[in-house]
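What follows is a short report on a single structure.
The values are calculated or read from the model by the stated rules, or taken from the named source; none is laboratory data. Please read all numbers here as calculations on a predicted model, not as lab measurements. Every residue, glycine among them, receives a Cβ derived from its backbone with ideal geometry; neighbour counts consider all protein chains shown. Areas reflect the complete protein model, heavy atoms only, side chains present, ligands, DNA and RNA absent. Shrake-Rupley method; radii C 1.70, N 1.55, O 1.52, S 1.80 Å.
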Amino acid sequence: MPQAATTVAEPTRDSAGSAGSTGSDFAPLLRAVKGQGLLERRTGWYAAGIAVNLLALSAVLTAVVLLGNTWWTLLLALPLAIVWSRTAFFGHDAGHAQITGDRWVSRTIGLFHANLLLGMNEAWWNDKHVRHHANPNHIDKDPDVGVGALVWTQKQAAQREGFARWLTRNQARLFFPMLLLEGIALKISGFQYLRQQPVKERALSGLLLVAHLGLYAALLLTVMSPGKAVVFALVHHALFGLHLGMAFAPNHKGMEMPDPDGDRWGHLQRQVLTSRNVRGAVLTDWFLGGLNYQIEHHLFPSMPRPHLRLAQPLVKAHCEALGMPYAETGLIESYRQALEHMHEVGAPLR
C-alpha cells in the first residue's frame, strides 16, 4: 500500500469544510502547482541521491571493517546513523510515490531501503503513515497522536495511572532521551506488524527483516568482540532514533488538533493548520530530509522532495490570500513549541 497516501491526501478537489475553508480553496493552488510542473517526478535526482547514499553506506561499513576490534570504531556509529536516516528518507519518499509512479518499483525501493537496509517494516510504516496523512493531529484517526508512551491532550493525560502518570508529568523533559530508544522500537513494531500482513507479504517482509538482522549481527561480530558489538549496536540505534525523531518532531507537535466532534475540515485547512514548516537553508533541508517543508509535503505528498521548496512561495501566498495561518519557524523554536505543548499536556498531573 505505498501509494495510498497519495490517494487519501492529495484530492483534486477540497472536501467540504468550514471555518474559512470552502470546497474550492485547494483547487486554484493545485492548478498553479501543476502548471509549474512541480508534481512531475525527478527520477534522475532520486537515482543520483540513492547512489550517493549507498556509496556513503559502503564507505562507512568499509571503515568499520578496517578499524576492526577497537573502541575507536564507536566513532563510526554517528556517520552510520546519519546515513541510515538518509536511507529512511528515501524509503519515506518511495512510499509516497515521489520517486516513481510504478507501484511495484516503489514498493521494491521501499522494501530494499526499509526492510533490508534498516530492518524496519515498510508495510507497517506505510499503514501508519497513510492514516496520519489522511487526518493529521486528529485524536481519533491519527496514530501519531494516539495514546502511547507519550500523550498529546490533557484528556488523554487524565486517564494515565501509575508509572504512565509519572511519565506524562515529565514527558517534555524526557522526550529527547526517549528518542534514543526509537531506533530499536521501530524494529520491534515492524516485527509485530507481520501478523497483520497477508501471508505472501508477511513472508517477504519477514525474510528481509531477518536478513537485515543476520547481516548486521554478522558484520559486527566478525570485526569486533561481542561486547564491543553490542555497545556499537546500542549507540548506533540510539543516534539513529534521535536523528529521525529530531526530523519528525517539529512537524505537527503543538499545532492545531481538530475537534473530533466539530465541523469537518477541508483538505487545505486540515493539512495547513496542523503542520509546521521549519525555516533554513541547504543544511536544514538536508538534515530534515525535506520534511521541514511539512505543509507543502502534506498538501502534495507525491511531490518530489526537491520541488517542495519551490512550491512553498505558492502555498504561502495562497494561504495569505485566504487569511489562513501558515506556521513557519526556526529549528530550535520548533522544538521549543513542541516541548511546550507536551509540558502543558502534563501540567494537570503536576
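Annotations
- Flag if residue 183 is open to solvent by less than 50 Å² (accessible area, probe 1.4 Å) and in contact with a His (Cβ under 6 Å, 6 or more places away or on another chain): yes
- Within the stretch 287-350, helices (runs of 4 or more DSSP H) holding 2 or more residues that are open to solvent by 10 Å² or more (accessible area, probe 1.4 Å), under 18 Å from residue 46 (Cα atoms) and not aliphatic (A, V, I, L, M): 305-322
- If you go through the stretch 271-286 and keep only what is open to solvent by 20 Å² or more (accessible area, probe 1.4 Å) and not aromatic (Phe, Trp, Tyr), you end up with 273, 279, 280, 281, 282, 283, 284, 285.
- Of the residues in the stretch 163-184, at least one is among the small types (Gly, Ala, Ser) and within 20 Å of residue 95 (Cα to Cα).
- Of all residues making up the stretch 100-112, the number that are touching an Asp or Glu at 6+ places or on another chain (Cβ under 8 Å) and open to solvent by less than 10 Å² (accessible area, probe 1.4 Å): 1
- Lone qualifier among 325, 304 - being within 27 Å of residue 97 (Cα to Cα) and modelled with pLDDT of 95 or more: 304
- Per this entry, residue 157 is counted among residues that are more than 24 Å from residue 272 (Cβ to Cβ) and in contact (Cβ under 8 Å) with a residue 60 or more places away in the chain.
- Selection status of residue 42, touching a helix residue (DSSP H, G or I) at 6+ places or on another chain (Cβ under 7 Å) and farther than 30 Å from residue 221 by Cα: yes
- Residues of the stretch 248-286 that turn out to be in a loop (DSSP other than H, G, I, E, B) and hydrophobic (A, V, I, L, M, F, W, C), as a count: 5
- Helices (runs of 4 or more DSSP H) wholly inside the stretch 136-190 containing at least 3 residues that are of a type in the set (Val, Ile, Thr) and over 19 Å from residue 240 (Cβ atoms): none
- Selection of the stretch 193-214 for residues being in contact (Cβ under 8 Å) with a residue 60 or more places away in the chain and within 30 Å of residue 65 (Cβ to Cβ) yields 204, 205, 208, 209, 211, 212, 213.
Listed here are the residues, each with its yes/no results for (1) more than 14 Å from residue 81 (Cβ to Cβ); (2) modelled with pLDDT of 95 or more; (3) of a type outside the set (Ser, Thr, Tyr).
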{"residue": "182", "(1), (2), (3)": "no, yes, yes"}
{"residue": "193", "(1), (2), (3)": "yes, yes, no"}
{"residue": "204", "(1), (2), (3)": "yes, yes, yes"}
{"residue": "209", "(1), (2), (3)": "yes, yes, yes"}
{"residue": "213", "(1), (2), (3)": "yes, yes, yes"}
{"residue": "218", "(1), (2), (3)": "yes, yes, yes"}
{"residue": "230", "(1), (2), (3)": "yes, yes, yes"}
{"residue": "237", "(1), (2), (3)": "no, yes, yes"}
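- Restricting the stretch 157-180 to residues that are open to solvent by less than 30 Å² (accessible area, probe 1.4 Å) and not aliphatic (A, V, I, L, M) leaves a set whose member that is farthest from residue 235 (Cα to Cα) is 160.
- Leading residue by the ranking (farthest from residue 225 (Cα to Cα)) among those in the stretch 59-82 that are open to solvent by 60 Å² or more (accessible area, probe 1.4 Å) and not hydrophobic (A, V, I, L, M, F, W, C): 62
- Count of residues meeting criterion [closer than 15 Å to residue 176 by Cα and of a type outside the set (Gly, Ala, Ser)] in the stretch 334-350: 8
- Residues satisfying the stated conditions in the stretch 197-243, i.e. outside any helix (DSSP H, G or I), surrounded by fewer than 17 Cβ atoms within 10 Å (Cβ to Cβ) and under 26 Å from the mean Cα position of the chain (by Cα): 198
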